[in-house]
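Accompanying notes for the structure given below.
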Amino acid sequence: MFNDVRDAIRALRAAPMVTALAVLSLALGIGANTALFSILNTLLLRSLPVRDPQQLAIVAQDEDRDSWTNPVWEQIRDRPSLFAGAAAWSSNRFNTARSGASDFVQGLYVSGGFFDVFGVPAILGRTFTERDDRRGGGADGPVAVISYDYWQQRFAGAADAIGKPLLVEGVTFTIAGVTPPEFFGPEVGNKYQVAIPLAAEGLIRGRDSLLDERSAWWLTVIVRRRGDQSPDAAVSALRGVQPQIREATIPVRLRPAEIATYLTTPLTLTPAATGASYLRYRYQRPLTTLMVVVGLVLVIACANIANLQLARANARRHELSVRLALGASRLRLSRLLLAESLLLSMSGALLGLLFAQWSSRVLVHQLSTTTSTVFLDLSIDWRVLAFTGIVTIATTLLFGMAPSLRAARVEPNEALKERGRGIAGDSRFALGSVLVVAQVALSLVLVIAAGLFVRSFLSLPHQPFGFDADRVLVADVNATATRVEPSDRAALFERLKDAVAEVPGVAAAAASAVTPVSGSIWQFPIDLPDGPVLSERDRTVHVNIVSSGFFRTYGTRLIAGRDFVKADGSAGPPVVIVNEAYARKFLAGQNPLGRQVHQAGSPRRPAVTREIVGYVQDAIYRNPRQAVPPTIYIPIEQKAEMRPAINISARATSGSPALLTRAINAALVRTSPALSITFRPLADQVRNSLVQERLVASLSGFFGALALLLAGIGLYGVVSYAVSRRRTEIGIRMALGARPAGAIALVLRRVALLVGLGAIVGSGIALLAAQFVAALLFGLQPRDPVTYVVAPLVLTFVSALAAWLPAWRASRIDPARVLREG
């Protein structure tokens, strides 16, 4: 074996260009596969770094809902005999600044037993107990637990950080402990920095607290099964107390039929060894699709290298026949070529691992936005190493087996006397042709996929958004620290809006509960007087609370009626503005002016019927990929109580709206010094909403181009080899009067046949696979005719370019010299 490896190294060193090309191709292919697998491994397979993660399960009721109200959590918490432990949490961003510009950290509201349920001890100080999770603060007052990274960043790892104060949303907490460096939190993709007790939410939000809200779904509930408790037994235990839990927590504003559904929908438990993750839900399909893409790139690279190895094996037939004549066994020759393939694969795998470590971090960085930083633990574990090892062995077999078997069939006397023979009809070249057809077919599949994803992404920013994003600056304002009464906040927000409108360079300003494409959503069911009775889902509309000037600020066209005015205050008649989607769904597209919208009441809010006074064009609400939903706009001053958070938007008269940040911040702080404020241009918000599409388009475009390059290199190598094998035949043809153009045509005819066959096969595969990528496309059919016409043309151009140079060299052959060599 040592001799085989030594001879393989010598053989590879004898062809440095071929070796370098093979190793680089494999490094890109294996590295790309390993990088994506590392991300999928972290998102889908890797367990949380906690005690016995396989015993954890998240409480859910169906595929769409695994969030719960605090009353539901308290019902589960107060039944400790059900499981070995239970905990609840909610992710949030906490502002740690005193006033003015915000200083946000990634935060968690957690129940008192949270760290015990996960089995996470403190490396300094202590974690929470149930005594800390009490409304108004525990015996030690409001306390916080911080992560290891935040401890290093904020306190430089000082031991005296324990006991120090930490301001969170204007409330002073005392740091009680630091968690281990490997614990990033319960959610894959988010890395927590500060955790505070769940009951402290009441201290921070005051009258806006969600602790007693039966319709606020904001908590994730997790349980730890007992060692002797099977998953089925745990579900049975939960469902055994479901009637009591449901009966005690019926949400407000539900109709009798909806209450019946709430009471009878079964609770269940989903395995949570890998934690919770919105990132997993959002990116599982596109990352899996990209995994298939890079897998095909690796197959193309293997086919490419197999062709090169076949060419080298044929070129070395004299060498191999001499070895046979001198007593080497056919098995030894096969082992020699397999050893070369294994060395190439191992070299490519080692370089690929380095490439994967770098590229996976680049990919994760691409998932992050200006308002959300994605964290994934991409350290190499046994799964990544096993995956890379399997891929290495598979690539060795893919491109090494054919040359090895070919070498085993060498005949000493035939090989020694075949110098100068042409290859017309040479069956040994047939396998190389099959590999070329396969390369072309798979390359076309990837080019078509890249074309679909790129065209889909490029179409998104050019669709009608219903607003102008380029000149709008958004200020996220949180007025919690002002301690203004909820009933007085609408007036405060109007003053903030008016202060911003007076800033030089501001053309218009508005306040709103939701800004377009922010990812936020506010919905509630409505009733249509004299209209049909609809289910809660069918009568649910998207809602925004806005001030006068909102549509002017965003450039949304008013179709009919009027905007909100000062008279639309708390003393005026209730009014509402609706969009085109509302009119289409509920009014069959008729003019909605003068119609009514009824909102059911609740124990805390009276029912209200509003008259439609305005009709505006459709504008994207949450995501450019989603159809514009039926939306109603309610005036701020008619909202009896407002939440403390609001968005103040300003439209610049000219230039970049970001230039207004300092002046607008000063105007807001002058109006109310205790505000916490964060700025972002609306254009950045739009770009952030397209992260998934941009990632898929850029990566598929890159790998599609790489597939084209590999196919071109492979075709060039095969044609060059074919020309070298047919030098004598071509020389004779030219000696008998054939023109150079005839020699070029002779070579290109075979290339055209191979590329044509590959294009037919590739188009068929792409048509069959199109249905699997339909969900990732927007405004484009998966069998888009333009893409299916342009992609083969691009592939044909690249193939012609790759084949032209060796064909041109064939036309320059000197017949006399070739005949003398023969």
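The values are calculated or read from the model by the stated rules, or taken from the named source; none is laboratory data. Remember, it's a predicted structure, so these values are computed and weren't measured experimentally. Here Cβ is always computed from backbone atoms with ideal geometry, including for glycine, and neighbour counts include all displayed protein chains. Calculation scope for accessible area: heavy atoms of the full protein, side chains included, ligands and nucleic acids excluded. Shrake-Rupley method; radii C 1.70, N 1.55, O 1.52, S 1.80 Å.
From the list SER520, SER547, exactly one residue is in contact (Cβ under 8 Å) with a residue 12 or more places away in the chain, among the small types (Gly, Ala, Ser) and either under 21 Å from SER209 (Cα atoms) or open to solvent by 10 Å² or more (accessible area, probe 1.4 Å) (or both). Which is it?
So the residue among SER520, SER547 that is in contact (Cβ under 8 Å) with a residue 12 or more places away in the chain, among the small types (Gly, Ala, Ser) and either under 21 Å from SER209 (Cα atoms) or open to solvent by 10 Å² or more (accessible area, probe 1.4 Å) (or both) is SER520.
Just give me the residues in region 635-660 being among the basic types (Lys, Arg) and either at pLDDT 90 or above or in a helix (DSSP H, G or I) (or both), in sequence order.
ARG651
Please give the number of the condition THR69 fails out of (1) surrounded by 23 or more Cβ atoms within 10 Å (Cβ to Cβ); (2) under 18 Å from PRO197 (Cβ atoms).
(1)
In a helix (DSSP H, G or I), open to solvent by 10 Å² or more (accessible area, probe 1.4 Å) and farther than 15 Å from ALA499 by Cβ: is that true of ALA663 in this structure?
no
Looking at region 116-126, is at least one residue part of a loop (DSSP other than H, G, I, E, B), open to solvent by 40 Å² or more (accessible area, probe 1.4 Å), at pLDDT 95 or above and under 29 Å from GLY206 (Cα atoms)?
Yes: one or more hits.
Only one of (1) buried (at least 18 other Cβ atoms within 10 Å of the Cβ); (2) without any contact (Cβ under 8 Å) to a residue 40 or more places away in the chain; (3) under 27 Å from the mean Cα position of the chain (by Cα) is not met by PRO592, so which one is it?
Only one criterion is unmet by PRO592, namely (3).
What strands (runs of 3 or more DSSP E), lying completely within region 470-551, carry at least 1 residues that are touching a helix residue (DSSP H, G or I) at 6+ places or on another chain (Cβ under 7 Å)?
Once the strands (runs of 3 or more DSSP E) in region 470-551 are filtered for at least 1 residues that are touching a helix residue (DSSP H, G or I) at 6+ places or on another chain (Cβ under 7 Å), what remains is 472-478, 506-512, 540-546.
If you check ARG246, ARG239, ARG285, ARG253, which single one turns out to be of a type in the set (Lys, Arg), touching a Gly at 6+ places or on another chain (Cβ under 9 Å) and surrounded by 14 or more Cβ atoms within 10 Å (Cβ to Cβ)?
ARG253
For region 207-225, give me each residue that is more than 25 Å from TYR150 (Cβ to Cβ) and open to solvent by 30 Å² or more (accessible area, probe 1.4 Å).
ARG207, ASP212, ARG214, SER215, TRP217, ARG225
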